[in-house]
1. Determine if segment 136-150 includes at least one residue that is open to solvent by 30 Å² or more (accessible area, probe 1.4 Å), at pLDDT below 90 and among the hydroxyl-bearing types (Ser, Thr, Tyr).
2. In segment 116-125, which residues are among the small types (Gly, Ala, Ser) and either loosely packed, with under 14 Cβ neighbours inside 10 Å or touching a residue at least 40 places away in the same chain (Cβ under 8 Å) (or both)?
3. Output the number of residues of segment 126-135 satisfying the condition of being open to solvent by less than 30 Å² (accessible area, probe 1.4 Å) and either more than 23 Å from Tyr169 (Cα to Cα) or modelled with pLDDT of 90 or more (or both).
4. Tally the residues that are under 15 Å from the mean Cα position of the chain (by Cα) and outside any strand (DSSP E or B), restricting the search to segment 137-170.
5. Can you name the residue in segment 15-50 that is in a loop (DSSP other than H, G, I, E, B), in contact with a strand residue (DSSP E or B) (Cβ under 9 Å, 6 or more places away or on another chain) and on the phi < 0 side of the Ramachandran plot and is also most open to solvent (accessible area, probe 1.4 Å) among such residues?
6. Take the residues of segment 151-164 that are of a type in the set (S, T, N, Q) and modelled with pLDDT of 90 or more: which is surrounded by the fewest Cβ atoms within 10 Å (Cβ to Cβ)?
Amino acid sequence: AASFWFNQRVSAIQGPSALAVLHDQTVWLSVDEALWQIAPDGQRVAIHDTRSLGIQGRVGNIAQDALGRLVLGVRDQNALYVFDPAQGQVVNTLKPQWPADLAPHASRAISYAFGSSGKLAIATGGGHAVALFDATGHFLGRSPPGLYRFTNGLWWQGETLWTTNTNAYELIALSTPDMVP
């Protein structure tokens, strides 16, 4: 059993896997099973063990929500963990309500981004779609079928959601809430 565990650890990706920069220029970095808080001058200020925060697995996505909290995603989990950097703890769990056709891609979401109104956009990667949710996780809409050949990048500019159509080498702007280009 010890040999099996060791071999899994050796073959697993080690080191930094996600980061977010807050408005105060503080950097939050996911490293293995920890969140590092780094001051604007580059000094590490704190390390938070994600297991002690109630998160099992490595944080692979970090996004800042409209309230300035960090939302942490773990591969192969449908829940998103809302982390308050000021308190240093998880304060909520967000469980987006996926439509049936996209539900198989929920735990493999590539990235997500929050708009200033609290809307959450999630790129499904191999699901070839972007899904839109309200701040509580209620499904609002999705990109039109056939629009993407893999999507992973997201960012908001006002009410416009910019996305990447990765394998087609293009950027697509979606108007919200109707999610059309």
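1. no
2. Matches in segment 116-125: Ser116, Ser117, Gly118, Ala121, Ala123.
3. 5
4. Final tally of qualifying residues: 3.
5. Of everything passing the filter in segment 15-50, His23 is most open to solvent (accessible area, probe 1.4 Å).
6. Within segment 151-164, the match that is surrounded by the fewest Cβ atoms within 10 Å (Cβ to Cβ) is Gln157.
The values are calculated or read from the model by the stated rules, or taken from the named source; none is laboratory data. For clarity, every value in this text was computed on a predicted model and none was experimentally measured. Note: ideal-geometry Cβ built from the backbone for every residue, glycine included; neighbour counts use all protein chains shown. For the accessible areas, the whole protein counts, side chains as well, though only heavy atoms, and no ligand, DNA or RNA atoms are used. Shrake-Rupley method; radii C 1.70, N 1.55, O 1.52, S 1.80 Å.
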